[in-house]
1. With every atom except the alpha carbons ignored, what do you get for Rg and Dmax of region B:48-123, in angstroms?
2. Roughly what percent of Cα-Cα pairs across region A:7-152 reach past 19 Å?
3. What distance in nm separates the two pseudo spin-label positions at A:ASN329 and B:GLU223, each 7 Å out from Cα along the beta-carbon direction?
4. Once the label point is placed 7 Å from Cα along Cβ, list for A:LYS160 the distances to the corresponding points in the other copies, in nm, shortest first.
5. Counting every Cα pair in region B:36-82, what percent are over 16 Å apart?
6. By counting other Cβ atoms within 10 Å of each Cβ, how are A:MET275, A:MET41 ranked from fewest to most?
7. Which value results for Rg/Rh of chain A when Rg is the Cα radius of gyration and Rh the Kirkwood radius based on the inverse mean 1/r?
8. Using the 10 angstrom Cβ neighbour count as an exposure proxy, how do B:TYR313, A:TYR122 rank, fewest first?
2 protein chains.
Amino acid sequence: MSEQTEISQLGEFGLINRITDGIQPLNASTITGVGDDAAVMHYPDTEVLVSTDMLVEGVHFDLTYVPLKHLGYKAAVVNFSDIYAMNGTPRQITVALAISSRFTVEHIEEIYSGIRLACSIYGVDLVGGDTTASRSGLVISITCVGDAPKDQIVYRNGAKDTDLVCVSGDLGSAYMGLQLLEREKVASGGDKDFIPKFEGKEYLVERQLKPEARRDIVAELAEKGILPTAMMDISDGLSSELLHICKAGNVGCRIYEDRIPIDYQTAVMAEELNMNVVTAALNGGEDYELVFTAPLHYHDELNKMKGIKVIGYITKPELGCALVTRDGNEMTLRAQGFNHMPQD
Amino acid sequence: MSEQTEISQLGEFGLINRITDGIQPLNASTITGVGDDAAVMHYPDTEVLVSTDMLVEGVHFDLTYVPLKHLGYKAAVVNFSDIYAMNGTPRQITVALAISSRFTVEHIEEIYSGIRLACSIYGVDLVGGDTTASRSGLVISITCVGDAPKDQIVYRNGAKDTDLVCVSGDLGSAYMGLQLLEREKVASGGDKDFIPKFEGKEYLVERQLKPEARRDIVAELAEKGILPTAMMDISDGLSSELLHICKAGNVGCRIYEDRIPIDYQTAVMAEELNMNVVTAALNGGEDYELVFTAPLHYHDELNKMKGIKVIGYITKPELGCALVTRDGNEMTLRAQGFNHMPQD
């Protein structure tokens, strides 16, 4: 970026005008958006869904290798993902942004260009927010409002004994992308002209920097008339989410190591880093794929669906939650997912 | 607080259980709250309102003199205030919290005890959130969902020529409370045993640390059948909010210096600090009072209402926005409110 404008040149309201310029509502439920104490929406016939996610610099992202536009895109998409995980449709977001004085108007526009790109791709309206200073670092907190017909909402507590356990896409790639980015950051030694080695691993980088929400899977299931009994998006890792589903539904599960979908690049990267790829797939977070359960009689239909893999089944609670390894042993599932909480 | 628990002892989900323990929904619109990817609500007959506010340590609050419980209370109330300012009723909040490793479980419980106290007083449900680490400092971002019948929503753009300009409560006290707290912080020199001098100025401290949203004023106006033509809450200062109302409605205004409601303690404190009290009342933020406009024929009724003061009237836009001073001069209103944006 060439010209840089100090935020103080525009002021808070000038900045708001700049980042919200030309926004037009895409959803009938959006009555009025940015520009009042609150946004106004109308949901007469559906349930309203709301979810919040906060991304903090130095915890969830590292601006040495995360472009601001990608950051904005990801911050929006991870919120959409929560709404899809309820089998709903995201409709509106509000964005709260805390920025330190090292950011210029152009930097904020970059973040918002990513947020607005995500909104336009997913058909979501940006209806409000708060932009404020921070002493250090960037914080983005997005809240997403969505809707779903009452009888279509999928909670995490509906899994029943003998249900199938399914996941979309592939797992562990976002985590391996993070490892790759971290490796290249170290290799660069802070040299701005350093060219990172991403050849043949572009997919991993993209999965980490620009995740997508699985709107397509939700739509495909609806088209086929398959209503999952429980569903979550995989933000903390498959093990962690599946344990939530089992605890909430008071059930157990068996999933099969050889059925966990892993991309070729993920496997190669794990090999290079001498890491166990199954561990990465079970515990690496941020894939934003869906894990869901569905009645057993959908087995053939689900098995045929592109982008969905049946990886196991739900059991009675007393059987616990376990991974069946390739050699037929059972390993108890543990939540060792990403933990963005302070540690000692 | 005596016993302190490291967050890592509980883990993220243990912490969530602890801070959301025993929450019961107060609103019929709250279907399910904490514990899934998104909260579920139902709003068949009303418009849905949503607003977001973020509070950042070192920018909006200083933990040397802001107790964590008060901070939680204030973070919630300022969001309720935005919904009341649309003539709506706050119903649900989501809370995103970023905390550094210096905070313990008990600290977070303190913050949440304030949030939950505010929720119980204002009848609002805590339905979701995100708790995460931060590298430094505390950030609280709250989003509030509320509702209002379509024909009762008050936007900021409805003020008409000859409308009355009214404010609730008194102005400048929260700002003077901040000056007092800052003065005593300096006087303490960091001594933990220092006893700050708040005698006779308790009201100012309370206005800064524990603001209330003017639910009572909104209810009283509704009871009397008075629907404001425009309304905002005063977070940035009266001048700033009034300029928004005039710009949005394409009108001007005249307000009278001698009608601006100022508390005795505010005046005394301004005198002590050698500050202009009217400037504090016009530009000091965080009073969370309401400024609204209403048709002229409500003059007598509004004049009789406790806690409301008619301070001027709306004019044609070409007359601009001005304060009429005690000596009859006109001073153009300028937004010099609190600015929580980075400055050079």
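1. Every Cα atom of region B:48-123 included, Rg and Dmax give 12.8, 40 Å.
2. Here the long-distance tail beyond 19 Å is 50 percent of all Cα pairs in region A:7-152.
3. The answer from the label model is 7.2 nm.
4. Copy-to-copy label distances for A:LYS160: 5.9 nm.
5. Numbers: 606 of 1081 pairs.
Pairs farther apart than 16 Å: 56 percent.
6. Ordered from fewest to most neighbouring Cβ atoms within 10 Å, A:MET275, A:MET41 come out as A:MET275, A:MET41.
7. Across chain A, the Cα-based Rg/Rh ratio is 0.99.
8. B:TYR313, A:TYR122
Quick note: the coordinates plus some simple rules give every number you see, no bench work behind them. Not measured: the values here are computed from a predicted model. Here the Cβ is made from the backbone with ideal geometry for all residues, glycine too, and neighbour counts use every protein chain on show.
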